[in-house]
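Q: Sending over a structure as structure tokens; questions will come in a sec.
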Amino acid sequence: MNILEEIRPDLRTWKPYASARSLIQNKNDLIFLDANENPFGQWNRYPDPLQHKLKTALAHIKNISREHIFIGNGSDEVLDLCMRLFCVPGKDKVLICPPTYGMYEVLARLNMLDLIQVPLLPEAFTMDIDSLRNTIHQHQPKILILCSPNNPTGNVLANISDIFEFYNGWLLVDEAYIDFCPEKSCFPLLQKFPRLIIIQTLSKAWAMAGLRIGMAFAHPGVVHFLNAIKPPYNVNELSMQKAYYYLTEKKDEFEKNRKIIVQQREELALRLKDFSFIEKIYPSDANFLLVKSPHSERWKNFLQKNGIIIRDRSSQISNCVRISIGTPEENSKLIEITHLFEKTELL
Ligand SMILES: *Cc1c(COP(=O)(O)O)cnc(C)c1O
């Protein structure tokens, strides 16, 4: 694979912004008067544009070498940069499989890319391989985005590598929720498929949404070009330090909380099944449940009146709401208010 031929033509000879310090190797004991920084204060220095330290921690956890890792200001930035890197605005196409994460469409439109959609098959939300094959053949999309576990349906997509039997564009697999089911990751496919880009985040299972750290795991050539086109200081110093600290010092706590969330998800699903007004609870590998009920809208409004906010997804999947898994206390409160709803509103 010649990566150069696959990226946006005008970016092939792109000269990245050279940050003031990027050429200096050993930074110890030097006086820095090159970046118009203020010599006083705690956060006065620009952050490391290539995030070496944070990447070392991630490389260790993910068991992959650093040159396969790109870090963005949240995975939303990673997705945006991938679209810019491969696609010509007004010309190229992005293929998605709805119902899925809304940002894919927003970002495609922002980058003036044609959005093509092949819906997941109803109810089980698996990929429609025949339709994907036909659509790819007809439209030749530059990028295909799959989300696994998928938001908002919660299921993992099976047999993702089959796509490469008839697709030779870029496959972005968004694994935002994969740490809730790590054994189902596409990570093992990276070696075999250089056109696979796996996108993950510290926002969900790692509980750091406020820090805005997203990652791409990809062929080193892709990482190289993503680094060349990103804003030079896209990940800030405070976030890098905090993320490094949690990844290296708080791993046990993360593990413990992850298990609580998975256990709570199963318990909440069981308890919700007892309500006769609830029609279906979809199986989930993530930290949320997709729930179907003909009374979903009234239920959602009643919960909101009682201080609990859930997400209406009926615009994507009729009569469905998406409920994030909270603490045991929050989930009990949800059940309690739902009992009240059933008793007082559904007579
Ligand atoms: C939450 C979520 C993300 C996370 O985005 P960040 O910008 O990293 O916070 C990405 N993809 C999907 C499908 C999500 O649900």
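Every number in this text was worked out from the coordinates using simple rules, so none of it is lab data. Quick caveat, the model's predicted, so the values are computed rather than measured. Because the Cβ atoms are built from the backbone with ideal geometry, glycine has one as well, and the counts that use them run over all protein chains shown.
Q: With r as the distance between the Cβ atoms of D252 and N28 and R0 = 45 Å, compute the FRET efficiency 1/(1 + (r/R0)^6) and round to 0.05.
A: Details: r = 33 Å, r/R0 = 0.72.
Calculated value: 0.85.
Q: Right, another one. Mind jotting down the three principal axis lengths of segment 21-98 based on Cα atoms? Whole angstrom, largest first.
A: In descending order, the Cα extents are 52, 34, 23 Å.
Q: How much FRET efficiency would the formula 1/(1 + (r/R0)^6) give for N236 and F166, where r is the Cβ-Cβ distance and R0 is 30 Å, rounded to 0.05?
A: With R0 = 30 Å, the Cβ-Cβ based efficiency is 0.15.
Q: Also, quick follow-up: For D92, what is the net charge nearby, where nearby means another residue's Cβ is under 10 Å from its Cβ and Lys, Arg count +1, Asp, Glu -1? Could you put the intermediate results ahead of the total?
A: Working: positive: R8, K91, K93, K142; negative: D114.
Net of charged neighbours comes to +3.
Q: More than 20 Å apart: what percent of Cα pairs in segment 53-116 qualify?
A: On the way: 823 of 2016 pairs.
In whole percent, the share of Cα-Cα pairs in segment 53-116 beyond 20 Å is 41.
Q: On average over all directions, what projected area in square nanometres does the chain have, based on the convex hull of its Cα atoms?
A: About 20.0 nm², averaged over all directions.
Q: Averaging sequence separations of C-alpha pairs under 8 Å and six or more residues apart, then dividing by the length of segment 74-125, give the relative contact order as a whole percent. Show your work: numbers first, answer last.
A: Details: 54 pairs, mean separation 20.6, N = 52.
Rounded, it is 40 percent for segment 74-125.
Q: Using the membrane-span-like helix rule (whole DSSP H runs, Cα extent along the own axis of at least 18 Å, mean Kyte-Doolittle hydropathy at least -1.0), which helices of the chain qualify?
A: Those that pass (Cα extent of 18 Å or more, hydropathy at least -1.0) are 328-345.
Q: Cross-link partners among lysines for K93, C-alpha distance below 25 Å, same-chain residues fewer than 8 apart left out?
A: Excluding near neighbours in sequence, the set is K142, K192, K230.
Q: Treat segment 183-226 as a sphere of radius equal to its Kirkwood radius over Cα pairs and apply Stokes-Einstein at 10 °C in a medium of 1.306 mPa s; give the translational diffusion coefficient in µm²/s, rounded to a whole number. Don't skip to the end; give the middle numbers.
A: On the way: Rh = 11.6 Å.
Taking Rh from Cα pairs, D becomes 137 µm²/s.
Q: How long are the semi-axes of the equivalent ellipsoid of segment 157-200, defined as square roots of 5 times the Cα gyration tensor eigenvalues? Whole Å, largest first.
A: Working from the Cα gyration tensor, I get semi-axes of 18, 10, 9 Å.
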